[in-house]
Amino acid sequence: MMRSLSVKYSPLLTRVRSRGRALSTQPTSSSLGCLPTTDSPVVSKLAFFNSVTGDGSKIPSYRVLDGSGIPIEGAEVPEACISEQFARRLYENMQLLPTLDNILYNVQRQGKISFYYGEEAAVIGSAAALADDDEVLAQYREVGVLLWRGFTLDRVMAQCFGNHEDSGKGRQMPVHFGSKQHHFHQISSPLATQIPQAAGVGYALKRDPERRSKNVACVFFGEGAASEGDFHAGMLLASTLPSPTLFLARNNGFAISTPSSQQYYGDSLSARGPGYGVDTVRVDGNDVLAVMSAVKEGRRRCLEGGRGVLVEIMTYRVGHHSTSDDSFAYRGRQEVENRKKIDNPITRFRLFMESRGWWNGTEEEELKSRLKQDVLAAFKRAETLKKPNLTELFSDVYSEEPWNIREQREELAGLLQKYGQVWEPWRNELKIFEDEGKKLSD
C-alpha cells in the first residue's frame, strides 16, 4: 500500500486540479521566478517581440531646434555652454566644412589630388562635446574634429597634396588624416577596422591611472560600416570587457549607393545597442545643439559606467559619396535639392543665432568670403611645396632595416644613377621631390 506524501507548497505558488492537470494560478510573471543565470522573468504567455520600445513604436530621435532654428516644445537649450562666442565658433566651423569640401572637390576634378571625401555639420556638434584630449578614431568624414581642435588649413592641404609638410610624408591617400598632437588616430581605408580598435583604445585608457575616468575613446563610422562584423566585435568588447568607448554612428541614408532600406530591416542602428547592454540614443544629426547635448551626455555615461555608449546621428548625405561617385545614378536630383532647402543644418543654426541677435546678413557674407580666401590661400601654398625626400619611401616602418627593404632601396638608387638625369620623364618627375632624389642616389 502506498503511503501518502506530505508536500509543501511555496506561498508564491498554489496548485489546482483541472481535468487531472496541475495548473499554476500565479497572477504575475515576477512570482514565476527567472531563468537560471539570468534576470529574465518567466511568463506563461507565448509572445514574440520585434521592438526595443516595448509597444512596437519606432525609437524616437532627440531634437532641440526645429528647421527654423526655434527650440521645439519641451526642449532645453544648453544655455550653460551656449554663449554668443561659443555659438559663433560652432557656426564658423560648420561653414568652414562645406567651403573646404567645395574647393577640394573641384581640385580633385582638376586632377591635382587623387581622391576626396566630405560631409558637414553633424561632426561639429560631436567635436564640441568631446574633451580635446579624448582619443578619436575616425572614418573619412571627420576632418571637422581636427579643425575644431586647432588643426590648420595648411596641414589639411599638406595631407591632401602629400607634400613634405605632411606628417604622414605623402604615404596616405588624401583625407586620411592623423595627428598625435590632436589625439586623432590615423585613418585607414578598410571599412570599420577602427571600431574594434577604438574599444581597445578605450580599454587602454581605463588601465591608465592618469587617464582613467578622465578620457574616452570616440569612434565615428557610417551605417554602412555598421554592417561589417567589426562593428559587432567592437560593441561586444566595449560592453563586456568593458571599456569607455563612445560609438558615434553617422546614419546618412546611404552606404555608397546602397540605401539604408536595403542594409537592414530593423529599426536602424539604435535597436542594436540594447542587444549589447549599452546605453543608446538617436539624435537629429542636422541639429548641432541636439548632437552636442547627446554626445556630451553619452561621454558622461561612458566615464561613469566605464563601458560603451551608442549614439546614432541621423542625417542626410546631400553630396556624392566621394569624388569617384555620381549619386544621381541612384537617387533623384530633386530629392537632394529638397533636402538642402528644408533640412539644412547650417541654415537651422544660423536662424537660431539670428533670433538671439548674434548674427546678421553682413556677417554672413564676410564670413563666407574670409573662409573662401583662407582655404584658397592654403591650397595655393600647398600646391607649390615639394614632395618629401625619396628616402622616406623606406623609413619609419622598421627599427632596423631588413634585407629586402635594403635591396629595394639599393635597386632604386641604382636606377636613379643610371637613368635619373638622362631619361626625361624621370628627370622631370624628380624635380617635384624635396631632394630631387639626390640623397638616395648618393
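Some notes on this structure:
- Listed residue pairs exceeding 32 Å between alpha carbons, taken from Lys180/Lys368; Lys58/Lys296; Lys387/Lys418; Lys296/Lys387: Lys296/Lys387
- Karplus-derived HN-Hα couplings along the range 298-304 (A = 6.51, B = -1.76, C = 1.60, θ = phi - 60°), whole Hz, x at Gly and Pro: x, 4, 4, 5, 4, 5, 5
- Among Glu401, Glu434, the sequence by solvent-accessible area, most first, with a 1.4 Å probe is Glu434, Glu401.
- Under Karplus coefficients 6.51, -1.76 and 1.60, residue-wise ³J(HN,Hα) of the range 157-170 in Hz, glycine/proline x: 5, 4, 5, 5, 8, x, 8, 5, 8, 5, 5, x, 6, x
- Virtual paramagnetic centre 7 Å along Cα→Cβ of Cys81, amide N under 19 Å, in the range 178-215: 183-184, 213-215
- Listed residues Ala75, Leu65, Thr38: farthest to the positive end of the dipole of the range 34-88 (Cβ charges): Thr38
- Fraction of alpha-carbon pairs over 15 Å apart in the range 392-442 - percent: 48
- Residue order by solvent-accessible surface for Trp423, Trp403, Trp148, Trp358 is Trp403, Trp423, Trp358, Trp148, largest first, with ligands and nucleic acids left out and a 1.4 Å probe.
- On the basis of the beta-carbon distance and an R0 of 35 Å, Phe48 and Ser189 show a calculated FRET efficiency of 0.30.
- Site pair Thr384 and Gln181 shows an inter-label distance of 2.2 nm when each label is modelled 7 Å from Cα along Cα→Cβ.
- Potential lengthening between Ser68 and Thr37 on full extension [0.36 nm per residue; Cα-Cα distance subtracted]: 6.0 nm
- Per residue, the solvent-accessible area of the range 148-193 (1.4 Å probe, heavy atoms of protein chains only, all protein chains present) comes to 41 Å².
- Accessible area of the range 81-227 belonging to carbon and sulfur atoms, whole % at 1.4 Å probe: 48
- Here's how it looks for Asp279: its modeled amide H is under 5 Å from those of Leu310, which are all 5 or more places away or on a different chain.
- Just so you know, the Cα atoms of the range 118-273 work out to an Rg and Dmax of 15.7, 48 Å.
The values are calculated or read from the model by the stated rules, or taken from the named source; none is laboratory data. Bear in mind the structure is a predicted one, so any value in this text is a computation, not a measurement. Neighbour counts are summed over all protein chains in view; Cβ atoms, including those assigned to glycine, are modelled from backbone coordinates with ideal geometry. Accessible surface is based on the protein model in full, side chains and every heavy atom, while ligands, DNA and RNA are left aside. Shrake-Rupley method; radii C 1.70, N 1.55, O 1.52, S 1.80 Å.
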